[in-house]
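Structure, as structure tokens:
Coordinate-derived values only; no laboratory data. Keep in mind that this is a model prediction, so the values were computed, not measured. Cβ placement follows ideal geometry from the backbone for every residue including glycine, while neighbour counts extend to all protein chains displayed.
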Amino acid sequence: MPKVLIAAPVHAVLIAALEKAGYACIFALDITQQEALATVAQYEGIITSTRLQINKKLLDQAAQLKFIGRMGSGMEIIDMPYAAQKGVVCVSCPEGNANAVAEHALGMLLGLSKQIVKSNNELHQGIWEREANRGFELEGKTIAIIGFGHTGSALAHKLSVFNMSILAYDNNQAISYPDYVKAQENMQHIYEVADIISYHVPASDENKYLFNEQVVGNFQKPIVLMNTSRGNVVDPEAVAIGLKKGKIKQACFDVWETEPLSKMNEQQKTLFNSLLADDRVLITPHIAGYSHEALDKMSLVLAQKLKLV
């Protein structure tokens with residue numbers, strides 16, 4: 001039987017679809033890059049998240065490879081042009097976890113704006129503080145959503161009932177926007193009026209440090225910064241500077257430039273820990289798209305895109 005390497009947690013719906021199509025599923029959730037290089041020649045398919053880098057070296061070893069399914073959205077882990085040259089079909093499933101990420105982003109925003117996390121942590125220390133934990137309401141505020149794909153649009157839909165002004169900027173001119181979103185041709189108006197900015201863009205060379213110290217200085221008001229897209233979209237040094245200068249009022253992140261913690265060097269750990277200790281900052285360990293439902297949805301989307309169902 002042809003084999004498929006399963007290098008990421010998947011729902012049974014995808015396994016059933018692969019087996020029905022005649023594939024033997026080989027589970028190796030902890031496989032290393034070197035182990036993959038040594039064994040990839042035997043597989044016709046790979047299902048992975050971020051564990052493996054499907055680069056030229058690995059693709060050259062994958063003589064039988066016909067398809068790659070990415071559990072998640074970002075395709076930066078795959079050398080897409082070279083895979084295309086090899087005739088390897090590559091699909092992802094951003095539709096599957098967009099709702100999970102949008103809900104998580106909203107939860108983080110509410111957690112910050114209402115001082116929920118800070119006041120809860122204080123209560124664990126026996127501190128009952130009300131005045132210093134006054135929150136602010138989202139109603140009447142202006143949020144700018146940068147990147148209006150599956151996740152950005154899902155967040156905008158959830159925010160549409162909060163009576164906010166929702167601005168969106170995306171360099172894809174073909175995107176259509178709902179009537180509750182005001183599309184922006186550039187960032188200028190966003191810099192002038194935004195109270196909150198939320199990033200939902202893919203990892204790419206042009207998006208590296210899209211939020212940087214210069215961008216911080218462009219905002220006319222102190223902002224709440226949100227990033228649930230990719231870690232290197234935001235320069236962490238710029239966040240530290242922005243918080244110190246009062247240009248960033250609060251910030252929440254589900255992703256970080258170097259993750260997990262074990263991969264950070266000492267300088268990165270020092271900066272990360274200093275931000276983590278700041279009660280204006282909320283960080284989660286890349287779990288926004290990790291809901292139980294998202295695993296099911298992403299697996300089904302991959303099965304559909306690979307024409308298995």
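Just for the chain, what percent of DSSP beta bridges are antiparallel, to the closest 5?
0
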request  = Just need the relative contact order of the chain here, percent rounded to a whole number, with Cα pairs under 8 Å and 6+ apart.
outcome  = 18
ask   = Which FRET efficiency value, to the nearest 0.05, is calculated for residue 21 and residue 161 with the Förster distance at 41 angstrom and r the Cβ-Cβ distance?
value = 0.45
task = Take every Cα pair under 8 Å in the stretch 3-92 that's 6+ residues apart, average their separations, divide by the length, and report that relative contact order as a whole percent.
result = 28
Contour excess over end-to-end distance, with Cα ends at residue 116 and residue 131 and 0.36 nm allotted per residue = 4.1 nm
query = Counting Lys +1, Arg +1, Asp -1, Glu -1, what net charge surrounds residue 4 among other residues with beta carbon under 10 Å of its beta carbon?
reply = 0
ask   = residue 304 to residue 271: FRET efficiency via 1/(1 + (r/R0)^6), r the Cβ-Cβ distance, R0 45 Å, to the nearest 0.05?
value = 0.60
Cα-Cα over 23 Å, subset of 158/305; 221/269; 57/86; 158/297; 114/221; 221/245 = 158/305; 221/269
task = Would you kindly state how much longer the chain becomes between residue 82 and residue 180 on full extension, computed as 0.36 nm times their sequence separation minus their alpha carbon distance, in nm to one decimal?
result = 31.2 nm
ask   = If the cut-off is a Cα-Cα distance under 13 Å, which aspartates and glutamates reach residue 118, setting aside same-chain residues fewer than 8 apart in sequence?
value = 129, 131, 278, 279
ask   = Mind checking which helices in the chain clear 18 Å along their axis (Cα) and have mean Kyte-Doolittle hydropathy of -1.0 or more, DSSP H runs only?
value = 94-113, 292-305
ask   = For Rg and Dmax of the Cα atoms in Å, the choices are (i) 21.0, 66; (ii) 19.0, 64; (iii) 19.7, 59; which was calculated from the structure?
value = (i)
request  = Subtracting the Cα-Cα distance from 0.36 nm times the residue separation, let me have the gained length for residue 291 to residue 259 in nm, one decimal.
outcome  = 9.6 nm
key: Relative counts (whole %) of C-alpha pair distances in the stretch 100-207, using bins that are 5 Å wide   = 2, 11, 21, 21, 17, 11, 8, 5, 3, 1, 0
note = Under a Gaussian network model of the chain whose springs join Cα atoms within less than 10 Å, the largest fluctuation of 11, 286, 189 belongs to 189
